[in-house]
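The structure under discussion appears below in the form of structure tokens.
Here, each number is a calculation from the coordinates, and none is a lab measurement. Computed from a prediction, not measured in an experiment: that's the story for all the values here. Here the Cβ is made from the backbone with ideal geometry for all residues, glycine too, and neighbour counts use every protein chain on show.
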Amino acid sequence: MNAPTPDDPARSGEAHSRRPFLPLLLLAIAFVGWSAMQTTQLLGDHRALRDAAAQQVEPLAAAQKIRVAADSLAAKTQALADKGNADARAVVARLKERGVTINPNAKPIAPP
């Protein structure tokens, strides 16, 4: 049999005790990489949401103008119907059939 040498791991006890440096280093590198990837993804998502919100400003303003105009037209039509105009009464009746309620005292709603 061969005599154990001083550099033999079986003699020094290193075979049974492993150092945690390498696994912890790999774990730390993986965590930092994952965090960097998540941060990059979240920043990209934030930028996309901000751009989407910016693209909706103009259409929302246009829709609000149309809504105010339609509400004004409906209120004026209701006022005419209340004064006895037959055509305005017919329009109001058709709108009621379709489930549209006319509130002549409604205030315009500010856009969000």
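Some observations on this one:
- Shape of region 22-97, Cα gyration tensor, a/c cut at 1.5: prolate
- For L26, net neighbour charge (Lys/Arg +1, Asp/Glu -1) across residues whose Cβ lies under 14 Å away: +2
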